[in-house]
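In what follows, a structure is listed as structure tokens, so that the remarks can point back to it.
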Amino acid sequence: MDLDKANAALCSVYSASSPDELAKAYADWAATYDSETASLGYLLPFLITAWVARYVSASEGPLLDAGCGTGLSGPSMKALGYHRLAGLDLSADMLKIAESRQTYDDLRQGTLGETLPWPDGHFRAFFSTGVFTMGHAPASGLDDLVRITRSGGHAIFTVRDQVFDSGGFAGVIATLEKEGKWRLVEESPWFRCYAVTEPEARVKTFVFEVL
């Protein structure tokens, strides 16, 4: 596997300056995304299932994979007994691959930071990984994700270190807590996103109970 090619694609999505530019970068990458992120040792789509399983019973649902991409988390969730899965992504090309995995019963194209196509309190929980990072979804995207998650449900997501403060995530997280929209139940230490490359690239996982 050509690590240089994989890293070039990663740089392209990180440097996107608009949703349209990001969608194009992912359209260009979709066909080789799975193999190339595997060559980088990308952990997050599989690791996030541990946090979901810790807080959400497999008998509960539905769950939203927000920013699902090619649906890498879907088969792992299904293997753990979760069957009521929805997925959201801005890339139609990535969603086609997610659909081919046959693990999602509701896949929709949409952009985090805009109004999402589900009613208030629709989901038991949402999980989102590798989405709140450079050139991707804004911190404001958390607001509507909380809206579509029911009271007593959970918000489970990662944030990249480079945008936590500069991208306004610390502020949005604190505001939602102050407004009584959610309460923190777990915050991981910073840990590596990639097992093979970029040892300095780190994320943190947050789990909130929606109130």
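The values are calculated or read from the model by the stated rules, or taken from the named source; none is laboratory data. If you're wondering where the values come from, they're calculated on a predicted model, not measured in any experiment. Methodologically, a virtual Cβ is constructed for each residue, glycine included, from the backbone with ideal geometry; neighbour enumeration extends over all protein chains shown.
Within region 18-29, residues that are within 15 Å of Pro138 (Cβ to Cβ) reach partners that are at pLDDT 70 or above and surrounded by fewer than 20 Cβ atoms within 10 Å (Cβ to Cβ) with beta carbons closer than 6 Å, at six or more positions or on different chains, in the pairs Pro19/Thr111. Just one of the listed residues (Ala66, Ala139) is in contact with a Ser or Thr (Cβ under 7 Å, 6 or more places away or on another chain) and surrounded by 15 or more Cβ atoms within 10 Å (Cβ to Cβ), and it is Ala66. Being surrounded by fewer than 17 Cβ atoms within 10 Å (Cβ to Cβ) and either part of a strand (DSSP E or B) or of a type outside the set (Lys, Arg) (or both) holds for only one residue in Gly152, Gly130, Gly167, and it is Gly152. Within region 75-93, is even one residue in a loop (DSSP other than H, G, I, E, B), surrounded by fewer than 23 Cβ atoms within 10 Å (Cβ to Cβ) and in contact with a Gly (Cβ under 6 Å, 6 or more places away or on another chain)? Yes, there is a match, as at least one residue in region 75-93 is in a loop (DSSP other than H, G, I, E, B), surrounded by fewer than 23 Cβ atoms within 10 Å (Cβ to Cβ) and in contact with a Gly (Cβ under 6 Å, 6 or more places away or on another chain).
Considering every residue within region 177-191, establish whether at least one is modelled with pLDDT of 95 or more and part of a helix (DSSP H, G or I). Looking for residues that are modelled with pLDDT of 95 or more and part of a helix (DSSP H, G or I), one finds at least one in region 177-191, hence yes. When region 192-209 is limited to residues that are over 17 Å from Ser140 (Cβ atoms) and in a strand (DSSP E or B), the one that is modelled with the lowest pLDDT turns out to be Tyr194.
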